[in-house]
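K.L.:
Got a structure for you, questions after.
The values are calculated or read from the model by the stated rules, or taken from the named source; none is laboratory data. Because the structure is predicted, anything quoted here is derived from the model rather than measured. All Cβ positions, glycine included, derive from the backbone under ideal geometry; neighbour counts span all protein chains shown. Just so you know, the surface numbers come from the protein's heavy atoms only, side chains and all, with ligands and any DNA or RNA stripped out. Shrake-Rupley method; radii C 1.70, N 1.55, O 1.52, S 1.80 Å.
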Amino acid sequence: MKVFVILMTYGSPKTLADVPQYLKNVYGGREPGTENIQEFQRRYKIIGGSPLIKITQAQAATLQEELNKQKTEHNYTVGAGMRFSHPFIEEIIKEQAEDADAIIGIIMSPQYSPIIMNGYLHELDAAASKLIRKPLICRTATDWHLQPFFIQAMAEKVQETLNIFPEEIRKQIPVLFSAHSMPKRIIDREPDYIKDLKETAVEIAKLVGLKQKQWMFCYQSAGHTPEEWLKPDFADIMPVLKQKGVKQVIIAPVQFLADHLEILYDVNIGAREQAEENGIEFARTESLNTSPLFIKALAEVVKETLKSN
């Protein structure tokens, strides 16, 4: 059976001139304000543009190699489609899935929220329905936040970051597991999403061997709106750590699977500045990107989704 797998994520503007249209897509067709456009352009300029699309394409190529190396009865092709920028999900399905017997969608977020992520399912289903030769199967993986290879991959990155520091202080260094903040009104309707994020952090901490007092869960990248967003943000935590006499800190995003704006600007620049302003040495876990363990996790998610009812 010919199986086409599509890795789906947000996307990013290719150039600074593309930022207004990208934001308009993200905002559901609403025109972004000039101040908002300029701020995002400033951030993208500082980081030299987002590598998200290239990394997701590299993840797709590596996953295709991994799946076909396993010599199952299926022949796999893997592509990468974006929700808010080229190459759009519909474009990739039209170009690469025309002769597929099955289409498997993977949203590049291990924790699933119907409210936040249903758009991916709708776009994939709509794209598949336009194919002249309809696939026998079209499914999207939802929640895989406790997939063992994923947890191992994350734990590996945390341990590698701890190993930067002298052995005698590693057990005293706080690890902040972060996730993208959300408006509180959304989470009030869907509390399981945050529960899943925290469960991911718990399992990573267990595997690394972090004591309960050594780590905590926090948020980052709150939106530019006046409504209430989830707390605590890591900016709120840094002064508290300073008061406790903490000298080093590690930020470990548990939701993001590749380098992009929220990592390269919000964490590498924003969180680092906040830590250093409080006299704290800062380190961040490396993103999973094409980590071999992470690619194995994606392969397992594909196979489980393919055989599910």
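K.L.:
What is the residue count in the stretch 286-308 for residues that are open to solvent by 30 Å² or more (accessible area, probe 1.4 Å), in contact with an Asp or Glu (Cβ under 7 Å, 6 or more places away or on another chain) and in a helix (DSSP H, G or I)?
P.N.:
Going through the stretch 286-308 one residue at a time, the tally reaches 2.
K.L.:
So, one more: With (1) open to solvent by 20 Å² or more (accessible area, probe 1.4 Å); (2) at negative phi; (3) not in a strand (DSSP E or B); (4) not hydroxyl-bearing (Ser, Thr, Tyr) as the list, and Ala201 as the residue in question, which single condition is left unmet?
P.N.:
(1)
For (1) closer than 23 Å to Val202 by Cβ; (2) basic (Lys, Arg), each residue gets a yes or a no:
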site: Glu227; (1), (2): no, no
site: Val240; (1), (2): yes, no
site: His260; (1), (2): no, no
site: Glu277; (1), (2): no, no
site: Ala283; (1), (2): yes, no
site: Ala299; (1), (2): no, no
site: Lys307; (1), (2): no, yes
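K.L.:
Which ones in the stretch 15-42 are in contact with a helix residue (DSSP H, G or I) (Cβ under 8 Å, 6 or more places away or on another chain) and either open to solvent by 40 Å² or more (accessible area, probe 1.4 Å) or of a type in the set (Gly, Ala, Ser) (or both)?
P.N.:
Hits for the stretch 15-42 are Leu16, Pro20, Arg30, Glu31, Gln41.
K.L.:
Answer yes or no as to whether Ala153 is surrounded by 17 or more Cβ atoms within 10 Å (Cβ to Cβ) and within 19 Å of the chain's Cα centre (by Cα).
P.N.:
yes
K.L.:
Quick check on my filter: what residues within the stretch 229-254 are buried (at least 21 other Cβ atoms within 10 Å of the Cβ) and within 25 Å of Pro183 (Cβ to Cβ)?
P.N.:
Phe234, Ile237, Met238, Ile251, Ala252, Pro253, Val254
K.L.:
Could you tell me how many of the residues in the stretch 53-82 are out of contact with any Gly (no Cβ under 8 Å at 6 or more places or on another chain), buried (at least 18 other Cβ atoms within 10 Å of the Cβ) and among the aliphatic types (A, V, I, L, M)?
P.N.:
5
K.L.:
I would also like to ask the following. I'd like to check something: does the stretch 259-274 contain any residue that is of a type in the set (D, E, K, R), surrounded by 19 or more Cβ atoms within 10 Å (Cβ to Cβ), at pLDDT 95 or above and not in a loop (DSSP other than H, G, I, E, B)?
P.N.:
Scanning the stretch 259-274, I find at least one residue that is of a type in the set (D, E, K, R), surrounded by 19 or more Cβ atoms within 10 Å (Cβ to Cβ), at pLDDT 95 or above and not in a loop (DSSP other than H, G, I, E, B), so the answer is yes.
K.L.:
Right, here's the next one. Can you find, within the stretch 157-189, the residue that is farthest from the chain's Cα centre (by Cα) among those that are over 23 Å from Asp233 (Cα atoms) and of a type in the set (A, V, I, L, M, F, W, C)?
P.N.:
Step by step, filter the stretch 157-189, then rank; the result is Ile169.
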